[in-house]
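So the structure is just underneath, and the comments pick up after that.
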Amino acid sequence: MQLLVLSNGHGEDAIAIRIIEQLQRHPRAPKITAFPLVGTGYAYSQLNIPTIGQVKQMPSGGFIYMDGRQLWRDVRGGLLQLTLAQFKTVRRWAKIGGKILAVGDIVPLLFAWSSGAEYAFVGTAKSEYYLRDEDGWLPPTSGLERWLGAVYLPWERWLMSRRRCKAVFPRDTLTTQILQQWSIPAFDLGNPMIDGLEVEACDRAPIHLCGINSSHEGWVSRSTWSWQNSGSPAKSQKDSLVILLLPGSRMPEAQRNWQTILTAIAGVIAVFDRRPILFLGAIAPALSLEPFQKPLIERGWNFRPISDANASAFTLGSTTLILSQNAYAECLSAADLAIAMAGTATEQFVGLGKPAIIIPGEGPQFTYAFAEAQTRLLGCSAILVEQPEHVVSEIQSLLDDADRWQQINQNGRRRMGSPGAAARIANCLMEKFMVNS
């Protein structure tokens, strides 16, 4: 079976890769080709997945819906010509008789439908949690949104209800239940973005993250992992606090976000001056470390050489900050909480049952509108502050409230689902696609 995977963004590419890896393990594994509609398809090249079609990094990074100015920049950058070329490529590919897996939002879904081939859809962008939770509609939800009945609009539901659409995989249980009301073949199999993130806890923070040898163990020693069982990190001043830093994956926005995050952690260091703190900066592998290292040095951090070429360590007094590009899951697992200005990465961290303090930026992705929407998507697990100086007070509040921490833990795991979704989706895809093959 020939399978074309369409995706439209860095996070969508990563989700598609998880499903592809599981499809490749299937006894009747399909021949897979990818078409990244946004960006350059870095994730696919890392897995040696062949790609087709024209790819181009647009000025907005794929976030044209955030701001009309971003749309205009993309149009001037060739968006219309690119979209037309991509449409023709998908139509040509469909003539060989293969199937299509669309991952993302209405754009790949529309491409899949228009191809004439059988298709399935992994919906990563929308969730009913934007409009409601298990108790009913959220206060900001408008009358029009309630009248429309779901976060997926009527034309999106129409695309998902066609006979050629063999399966739809929403990102959470609540969204699945709503879509099933329209006779859409929606399956509640979980969210692939959580897969592969659980790392077994140990008695120390992950020194192996970047090859720090035993002489540096004092930098990152940690006395307890008990918070994972009791509901919150230990509050003793002797216990280290591990904070994840997520600046996003698109430049130059990630660089601007990093400056905002560094302002926030300066306040944290000043208040928790008697408590060991380890900051873990999870930097996307496709980015250069230099734009993240230079601002640290300018702010007085001292560079410490380590053996890992994909990571670097800095100290400021008794505080350590590690930048890592090759230990993403370990960073998420090790951290107690996050200071985040990212999309998918923030959701993944929350899915581990942990709180993320989010700060709006200049965009094009992580604007105030995006951050506010993220708080609706993630509920109490995402804590929005309008200024980086307010981060430290939120951390203090969290550490003083074990009940709140427990609520955050349960909420995040419920909204993001349990690991193993990619394998479940892959098996379902093969079952639905092979019926008529």
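Brief remarks follow.
Table: residues versus (1) surrounded by 24 or more Cβ atoms within 10 Å (Cβ to Cβ); (2) not hydroxyl-bearing (Ser, Thr, Tyr).
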position	(1), (2)
Ala342	yes, yes
Gln348	yes, yes
Gly353	no, yes
Ile358	yes, yes
Gly363	no, yes
Glu372	no, yes
Thr375	no, no
Leu378	yes, yes
Ser381	yes, no
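- Residue ID - most open to solvent (accessible area, probe 1.4 Å), chosen from residues in segment 89-105 that are in contact (Cβ under 8 Å) with a residue 24 or more places away in the chain, under 16 Å from Ile32 (Cα atoms) and not in a helix (DSSP H, G or I): Ile96
- When Ser307 is tested against (1) surrounded by fewer than 22 Cβ atoms within 10 Å (Cβ to Cβ); (2) assigned to a loop (DSSP other than H, G, I, E, B); (3) in contact with a strand residue (DSSP E or B) (Cβ under 9 Å, 6 or more places away or on another chain), just one condition goes unmet, and that condition is (3).
- Residue check, Ser312 of a type in the set (S, T, N, Q) and either in a strand (DSSP E or B) or open to solvent by less than 10 Å² (accessible area, probe 1.4 Å) (or both): yes
- Segments classed as helices (runs of 4 or more DSSP H), wholly inside segment 190-282, with at least 2 members that are more than 22 Å from the chain's Cα centre (by Cα), loosely packed, with under 15 Cβ neighbours inside 10 Å and modelled with pLDDT of 85 or more: 253-271
- Selection from segment 1-51 of residues that are under 19 Å from Gly97 (Cα atoms) and either touching an Asp or Glu at 6+ places or on another chain (Cβ under 6 Å) or small (Gly, Ala, Ser) (or both): Ala29, Ala34
- Whichever residue in segment 315-340 is open to solvent by 30 Å² or more (accessible area, probe 1.4 Å) and farther than 23 Å from Ala14 by Cα and, among such residues, is modelled with the highest pLDDT: Leu316
- Extreme residue, most open to solvent (accessible area, probe 1.4 Å), among residues of segment 283-304 that are among the aromatic types (Phe, Trp, Tyr) and farther than 29 Å from Asp13 by Cβ: Phe303
The values are calculated or read from the model by the stated rules, or taken from the named source; none is laboratory data. Given the structure is predicted, the values throughout are model-derived calculations rather than measurements. Note: ideal-geometry Cβ built from the backbone for every residue, glycine included; neighbour counts use all protein chains shown. When the accessible area is computed, the model is the full protein with side chains, heavy atoms only, and any ligands, DNA or RNA have been set aside. Shrake-Rupley method; radii C 1.70, N 1.55, O 1.52, S 1.80 Å.
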